[in-house]
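These notes concern the structure reproduced below.
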Amino acid sequence: MRMMPITLCRPGMKLGKKIYSDEGIVLLAEEVELTETLIRKLAQNGINYLYIQDPETEGIEIPDLLNEETQKQALSTIRNVFRDYIDQPGRRNVGMYPYIGRNVRNVMQSVLDDLMRNKDAMIMLMNLHTVDHYLYMHSLNVCVYSTLLGIAHGYNTDELFTLGVGALLHDVGKTQISMQVLLKPGKLSDAEYEEMKRHTERGFYLLKDEPNISLIAAHCAFQHHERMNGTGYPRGLKGEEIHDYAKWIGIVDSFDAMTTNRVYKQAMLPHQAVESLFSGSGTLYDTEKLCVFRDKVATYPVGMTVQLSTGETAVVVDINSASMQRPVVRVVANEAGEELKAPYDLDLSKQLSVMITKVNPGPIEVN
């Protein structure tokens, strides 16, 4: 299968992966044939890429970081927890929902179990095939990405658990922000932006006394928008004043926001988002942590269509963990854009004279 921008998808193509709702329910199964109406509705619901079945890329399997049951359980729990907080704005009664901490911990254990089975897994975009409430999927993405980075960094199981819970709940304070501000499709006014920034403090006060949620996890909600040079919020902390977990979460929170399509902002591709983050190395983000992050991100995800410096079109087949910018690709079209009768694989880490020059080139001409 291959990963295609929805703008290049056409009626008659068949899905290669299921489409999920924000509750983890399957909306469309594999092999469903796309129609103009389906394509339009998926685009309207924030889906910017689809996995498409394709004979030329037969055998290319797109790995999932979480199994289907774990993702369903996680999204359902996040949705229920956040909705409980939304229903009780400004709540002060600790223990009103004593199950929240327990349920979050159960989900985190499942996530951690999945990720520990494949410690070498790379950060792959997770929001490509989910019709979601942005806040729910974003929370899960940040949890998974942060935990993968924690594994790469060498944290022990208890540390990974605390980091993951903090990441899962880092944006819980947004449940206390006006929906008019939270869901505004355009640029926020100065007053609205100040209101949005308060989600960090509100998240901390929601979590700090919550049973079964550690104080460190609450500080992740408090500090994930702090920046190394003191330009972040809410307290303008600098450098070592910021907890390490919050530094990791700050990086992946920004990455996921950059790579997600929003009404008012076109999503960046992974390699573009990595470059943008590195522009803040040492000033906004911790340089050493950014380097770990860069080495764990699949900058050219499996299934992505790319154009090579030879003019040929190829699809990413596999990731070279030692050289993320130079994956293994399958060449499927010549420089004129004509489909090859015999596609072949090329390891760009061994063919150093060939480079990726473009992603998602136009449709291939069938001979």
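The values are calculated or read from the model by the stated rules, or taken from the named source; none is laboratory data. Treat the numbers as computed from the prediction; the structure is a model and nothing was measured. Here Cβ is always computed from backbone atoms with ideal geometry, including for glycine, and neighbour counts include all displayed protein chains. What goes into the accessible areas is simple: the full protein's heavy atoms, side chains included, and nothing from ligands, DNA or RNA. Shrake-Rupley method; radii C 1.70, N 1.55, O 1.52, S 1.80 Å.
With respect to the conditions (1) open to solvent by 20 Å² or more (accessible area, probe 1.4 Å); (2) under 30 Å from Ile62 (Cα atoms), Thr231 falls short on a single one, namely (2). Pick from the range 257-314 the residues that are among the small types (Gly, Ala, Ser) and under 30 Å from Lys341 (Cα atoms): which of them is farthest from the chain's Cα centre (by Cα)? By that ranking, first place goes to Gly311. Restricting attention to the range 202-217 and to residues that are surrounded by fewer than 23 Cβ atoms within 10 Å (Cβ to Cβ) and not charged (D, E, K, R), the residue that is modelled with the lowest pLDDT turns out to be Pro211. Of all residues in the range 31-55, those satisfying the criterion of being under 20 Å from the mean Cα position of the chain (by Cα) and either surrounded by fewer than 19 Cβ atoms within 10 Å (Cβ to Cβ) or farther than 12 Å from Lys17 by Cα (or both) are Leu42, Ala43, Gln44, Asn45, Gly46, Ile47, Asn48.
Taken together, the residues in the range 28-49 that are closer than 22 Å to Pro63 by Cβ and in contact with a strand residue (DSSP E or B) (Cβ under 6 Å, 6 or more places away or on another chain) amount to 5. Do you know which residues across the range 56-70 are surrounded by 15 or more Cβ atoms within 10 Å (Cβ to Cβ) and assigned to a helix (DSSP H, G or I)? Answer for the range 56-70, where residues must be surrounded by 15 or more Cβ atoms within 10 Å (Cβ to Cβ) and assigned to a helix (DSSP H, G or I): Glu56, Thr57, Thr70.
Of the residues examined, Glu288 is not one that is assigned to a strand (DSSP E or B) and of a type in the set (Asp, Glu). Using the structure shown, decide if Ser323 is hydroxyl-bearing (Ser, Thr, Tyr), in contact with a Ser or Thr (Cβ under 7 Å, 6 or more places away or on another chain) and under 24 Å from Gly154 (Cβ atoms). Yes; evaluated as a whole, the condition is true for this residue. Restricting attention to the range 11-27, does a residue exist that is more than 29 Å from Asn80 (Cα to Cα), in contact with a helix residue (DSSP H, G or I) (Cβ under 6 Å, 6 or more places away or on another chain) and open to solvent by less than 50 Å² (accessible area, probe 1.4 Å)? Looking through the range 11-27, none of the residues is more than 29 Å from Asn80 (Cα to Cα), in contact with a helix residue (DSSP H, G or I) (Cβ under 6 Å, 6 or more places away or on another chain) and open to solvent by less than 50 Å² (accessible area, probe 1.4 Å).
In the set (1) in contact (Cβ under 8 Å) with a residue 40 or more places away in the chain; (2) surrounded by fewer than 19 Cβ atoms within 10 Å (Cβ to Cβ); (3) of a type outside the set (Phe, Trp, Tyr); (4) closer than 30 Å to Asn45 by Cβ, Thr260 fails one condition alone, (2).
Inside the range 12-27, can you point out the residues that are at pLDDT 80 or above, part of a loop (DSSP other than H, G, I, E, B) and over 16 Å from Glu61 (Cβ atoms)? Hits for the range 12-27 are Gly12, Met13. The condition of being open to solvent by 50 Å² or more (accessible area, probe 1.4 Å), modelled with pLDDT of 80 or more and more than 23 Å from His225 (Cβ to Cβ) holds for Gly154. Residues in the range 159-180 that are part of a loop (DSSP other than H, G, I, E, B), crowded, with 20+ Cβ neighbours inside 10 Å and not β-branched (Val, Ile, Thr): Leu169, His170, Asp171.
From the list Ala322, Ala342, the one residue that fits, being open to solvent by 30 Å² or more (accessible area, probe 1.4 Å) and more than 28 Å from the chain's Cα centre (by Cα), is Ala342.
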